[in-house]
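Shown next, in structure tokens, is the structure this report addresses.
The values are calculated or read from the model by the stated rules, or taken from the named source; none is laboratory data. What you see is a predicted model, and the numbers here were worked out from it, not measured in a lab. Glycine gets a Cβ as well: all are built from the backbone with ideal geometry, and neighbour counts include every protein chain shown.
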Amino acid sequence: MTDHATPASFYGERIPAQFNRALEHQRSLGEAGRRVYEAMRAVDATIRVDVEGLGGGTFFLNIRAGCMTAEPRAAHAPFLTLIQDRRAFERLSREAGDSALALLGGLSGISGELALTRSRVESLRAVDGLVRFEVTGDDGFAVGTHFGAAPVPAEPKTRITVDGQVYRYLRSGALDAQSAFMNEQIRIEGDLQAAIALALAAVSAD
């Protein structure tokens with residue numbers, strides 16, 4: 001089903017529905033999940049998505065009190081802008097499956113879900129700049145991820161590159177990002193501090 005998603009149906013319907021379902025699941029955990037649930041409910045923010053190419057467009061995912069809706073205009077200055085062509089969209093939408101939070105995790109090169117809590121939103125906003133994440137190889141793709149409310153610049157401040165096999169290991173959890181970096185399986189060009197800040201925001205406790 002995900003393979004045939006269009007950008008409009010994926011970002012306009014599926015991602016908000018999955019995002020809100022994850023919030024409801026966190027609530028259903030009761031006392032055990034209360035701290036994370038309250039941190040998710042504290043989020044008021046906007047994610048902008050730009051999909052270039054056939055069937056693409058700009059989508060605003062507005063989060064109010066932790067609940068996401070897709071709307072034609074931004075409710076807040078976007079703290080996160082995702083820039084992808086149709087090839088990257090097809091790959092990411094397929095890998096996200098039934099989890100919007102897994103899509104966010106995939107954009108950080110990690111396995112599992114990346115919950116949006118207020119502290120994580122602020123950590124991501126503080127990365128402040130355009131990071132280009134590129135997977136090389138025959139099935140490769142590239143995604144631009146801009147953090148902060150400033151206009152998206154023409155060139156990224158940081159480029160993060162991995163080959164296709166390393167990306168698969170990262171996504172499956174067979175390889176952690178720190179080990180991959182130490183073994184020079186992740187190549188970083190430009191502002192190293194931005195890459196470190198992104199990694200810390202992704203792996204920080206919810």
If I go through region 132-164 residue by residue, how many of them are closer than 16 Å to residue 180 by Cβ and either of a type in the set (A, V, I, L, M) or out of contact with any strand residue (DSSP E or B) (no Cβ under 9 Å at 6 or more places or on another chain) (or both)?
3
Answer from 11, 37 - the residue that is touching a residue at least 40 places away in the same chain (Cβ under 8 Å), buried (at least 19 other Cβ atoms within 10 Å of the Cβ) and either closer than 15 Å to residue 82 by Cβ or of a type outside the set (A, V, I, L, M) (or both)
11
So for region 163-180 (the condition being hydroxyl-bearing (Ser, Thr, Tyr) and touching a residue at least 40 places away in the same chain (Cβ under 8 Å)), does at least one residue qualify?
yes
Flagged in region 174-206 as in a loop (DSSP other than H, G, I, E, B) and either under 17 Å from the mean Cα position of the chain (by Cα) or surrounded by 20 or more Cβ atoms within 10 Å (Cβ to Cβ) (or both), in numbering order, are 175, 186, 204, 205, 206
Looking only at region 167-193, which residues are among the basic types (Lys, Arg) and modelled with pLDDT under 85?
168, 171
Please go through region 132-173 and give me each residue that is on the phi > 0 side of the Ramachandran plot and loosely packed, with under 15 Cβ neighbours inside 10 Å, ordered by number.
137, 173
Hey, any hits in region 57-77 for a residue that's buried (at least 17 other Cβ atoms within 10 Å of the Cβ) and over 17 Å from residue 16 (Cα atoms)?
no
Out of 148, 164, report the one residue that is modelled with pLDDT of 85 or more, more than 29 Å from residue 37 (Cβ to Cβ), among the small types (Gly, Ala, Ser) and more than 13 Å from the chain's Cα centre (by Cα).
164
The condition from (1) under 21 Å from residue 5 (Cβ atoms); (2) modelled with pLDDT under 90; (3) of a type in the set (Ser, Thr, Tyr) that residue 111 misses is numbered (1)
Before we move on, is residue 184 charged (D, E, K, R) and in contact with a strand residue (DSSP E or B) (Cβ under 9 Å, 6 or more places away or on another chain)?
no
Residue 129 fails exactly one of (1) of a type outside the set (S, T, N, Q); (2) in contact (Cβ under 8 Å) with a residue 60 or more places away in the chain; (3) on the phi < 0 side of the Ramachandran plot; (4) touching a strand residue (DSSP E or B) at 6+ places or on another chain (Cβ under 8 Å), namely (3)
Residue 104: at pLDDT below 90 and either in a strand (DSSP E or B) or over 16 Å from residue 145 (Cα atoms) (or both), yes or no?
no
